[in-house]
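K.L.:
Here's a structure for you.
The values are calculated or read from the model by the stated rules, or taken from the named source; none is laboratory data. Everything quoted here is computed from the prediction, not taken from an experiment. Note that we place each Cβ from the backbone using ideal geometry, even for glycine, and neighbour counts take in every protein chain shown.
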Amino acid sequence: MNELLASIYETGGFEKTASIDGEGQMTLSDLALMLTVDHTGEEEEIEKVASIHDTVLDNLVSFDRAGRAMAHAEFSEIEKAASEGNVAPLEAFFGETLEEEPALDERDALKQAVLEELARRNA
């Protein structure tokens, strides 16, 4: 796990709590500023640092959006496979993301909840 990214997104299990208003320990803007300061000298003018920061932040936001889109598309494929009867990718996903293996009953309940949601969406 990348501690820096975990700090930005405050990820915990399946919980995603990143916010655009900067709540949390670190934001993408903070990361952009850190990267900017690391690659510029102390003698740089504040306008130049601000300009570089804006460019780095724009890139980070683009990467963030692309990553979210890719994750959404990948999970949609997993959902599609599960709705067609192939639950192996879904089981692999939950097996990779759960830090501790849930009890069999809990895992079955999670799997059943996902399958019910897929059935509801397809109805």
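K.L.:
Based on this model, can you work out whether residue 77 counts as modelled with pLDDT under 75, under 30 Å from residue 28 (Cβ atoms) and in a helix (DSSP H, G or I)?
P.N.:
Answer is no for this residue.
K.L.:
OK, next. Kindly establish whether residue 95 is at pLDDT below 85, surrounded by 10 or more Cβ atoms within 10 Å (Cβ to Cβ), out of contact with any strand residue (DSSP E or B) (no Cβ under 8 Å at 6 or more places or on another chain) and not aliphatic (A, V, I, L, M).
P.N.:
Yes, satisfied.
K.L.:
Does residue 110 qualify as being more than 30 Å from residue 27 (Cβ to Cβ), out of contact with any Ser or Thr (no Cβ under 9 Å at 6 or more places or on another chain) and either surrounded by 12 or more Cβ atoms within 10 Å (Cβ to Cβ) or modelled with pLDDT of 80 or more (or both)?
P.N.:
Answer is yes for this residue.
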